[in-house]
1. Can you tell me which residue among Ala318, Ala267 is open to solvent by less than 20 Å² (accessible area, probe 1.4 Å) and either assigned to a helix (DSSP H, G or I) or within 30 Å of Trp68 (Cα to Cα) (or both)?
2. Against the condition assigned to a helix (DSSP H, G or I), modelled with pLDDT of 95 or more and open to solvent by 10 Å² or more (accessible area, probe 1.4 Å), how does Ala274 come out, does it pass?
3. Hey, can you tell me all the residues within the range 232-255 that are open to solvent by 30 Å² or more (accessible area, probe 1.4 Å) and in a helix (DSSP H, G or I)?
4. Any chance you could count how many residues in the range 93-112 are open to solvent by less than 20 Å² (accessible area, probe 1.4 Å), at negative phi and touching a Lys or Arg at 6+ places or on another chain (Cβ under 7 Å)?
5. What about Tyr135, is it surrounded by 24 or more Cβ atoms within 10 Å (Cβ to Cβ) and of a type outside the set (Lys, Arg)?
6. What number goes with the only condition from (1) more than 25 Å from Thr38 (Cα to Cα); (2) open to solvent by 60 Å² or more (accessible area, probe 1.4 Å); (3) not basic (Lys, Arg) that Gly160 does not pass?
7. Pairs please, first residue from the range 200-223 and over 21 Å from Pro27 (Cα atoms) and modelled with pLDDT of 95 or more, second anywhere and open to solvent by 30 Å² or more (accessible area, probe 1.4 Å) and of a type in the set (Ser, Thr, Tyr), Cβ atoms under 7 Å, 6+ apart in sequence or on different chains.
Amino acid sequence: MRFVTDFPKLIFMDMRTLGTTGVRIAPLILGGNVFGWTLDQRGSFGVLDAFFASGFNCIDTSDSYSTWVPGNSGGESETIIGSWMKLRGNRDRIVIATKVGSEMGPGRKGLSKSYILAEVEESLRRLQTEYIDLYQTHRDDPATPVEETLEAYAQLVKQGKVRHIGASNLDPARLTASCRASERDGIPRYATMQPHYNLCERASYERDLEGVCRPLGLAVIPYYPLASGFLTGKYRSVKDLGKSPRGAGVRKYLNEKGFRILAALDAVARRYAATPGAVALAWLLERPGIAAPIVSVTSPAQWHELTAAPGLRLDAEARGLLDGASA
């Protein structure tokens, strides 16, 4: 497959730092959950080429992507990303974030030290790399003390197999306990937090997690920033749900609040000559503590459309309209 070069190289003055790590990334992270699911290797390479050619550098994936697809066993996304980096010879220019903890199969899940130490080797093999830039707890494992999980990560950092660690889907209590344990024991601390956060899903993060993340200096990298595609304006009625395998997850937004948000996005998008999706991402990028949203796309054209987001500077009127519609 040819290397896509017909996308403009973007230069950002506001490269974002992942918490206290010193790792610098462009302000959109490419989500790898569609690789091996709605995109085969060829389609995935096309998106990855467009992402890289347009100046972005961080990819988020997981060992469990995509176990939910019939015939898959997990690791498909990591395998595709690893093959792409090997073929393009660009590993040193890519920030790889992957995760551990979600179920991979019978008896294969959790955050015990033994499980993490075994599973990281599989991720490294699939990614065809000697190190992972950001290794993240995917889901909590209440049966495992946070100290045991952090000990595993500390060993991997010491061995050079992991550079930094992050968390996803932890509740405030477990996140706080983990950070306190790291500081008490002098071992690596979570540098990032990955919550479900977008214009349709504000309450959980803003009410419960923001007050924990900001004092700790955690870089927040939200997943589903476009509410599974709803905020792009692609789904405006029940009949639109069949447009994508992800459509079923959008049904819950087809209500008065959802339509109010779409109307606000449409109005702001017209003012800025942008798309609703780009405006939704721009709103997130201007929220305090947000480092970069994790964006999944299924074509180079979709990626290119959303790269306008970091360049949008929403004024007070636009932000007020979006805040009010999504409150």
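1. Values: Ala267 fails: open to solvent by less than 20 Å² (accessible area, probe 1.4 Å).
The unique qualifying residue is Ala318.
2. On the way: assigned to a helix (DSSP H, G or I): no; modelled with pLDDT of 95 or more: yes; open to solvent by 10 Å² or more (accessible area, probe 1.4 Å): yes.
Spelling it out, it is not the case that Ala274 is assigned to a helix (DSSP H, G or I), modelled with pLDDT of 95 or more and open to solvent by 10 Å² or more (accessible area, probe 1.4 Å).
3. First, the residues of the range 232-255 that are open to solvent by 30 Å² or more (accessible area, probe 1.4 Å): 232, 234, 236-239, 242-243, 245-246, 248-249, 251-252, 254-255.
Those that are open to solvent by 30 Å² or more (accessible area, probe 1.4 Å) and in a helix (DSSP H, G or I): Thr232, Val238, Lys239, Gly242, Lys243, Ala248, Gly249, Arg251, Lys252.
4. 1
5. On the way: surrounded by 24 or more Cβ atoms within 10 Å (Cβ to Cβ): yes; of a type outside the set (Lys, Arg): yes.
Yes: the conditions hold for Tyr135.
6. (2)
7. Val212/Thr176
Residue-wise test of (1) in contact with a Gly (Cβ under 6 Å, 6 or more places away or on another chain); (2) open to solvent by 10 Å² or more (accessible area, probe 1.4 Å); (3) of a type in the set (D, E, K, R).
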{"position": "Ile187", "(1), (2), (3)": "no, yes, no"}
{"position": "Ala191", "(1), (2), (3)": "yes, no, no"}
{"position": "Tyr205", "(1), (2), (3)": "no, no, no"}
{"position": "Gly211", "(1), (2), (3)": "no, yes, no"}
{"position": "Leu216", "(1), (2), (3)": "no, yes, no"}
{"position": "Tyr224", "(1), (2), (3)": "no, yes, no"}
{"position": "Phe230", "(1), (2), (3)": "no, no, no"}
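The values are calculated or read from the model by the stated rules, or taken from the named source; none is laboratory data. Since we're looking at a predicted model, the values are computed, not measured. Note: ideal-geometry Cβ built from the backbone for every residue, glycine included; neighbour counts use all protein chains shown. Surface areas here come from the heavy atoms of the whole protein model, side chains and all, with no ligands, DNA or RNA. Shrake-Rupley method; radii C 1.70, N 1.55, O 1.52, S 1.80 Å.
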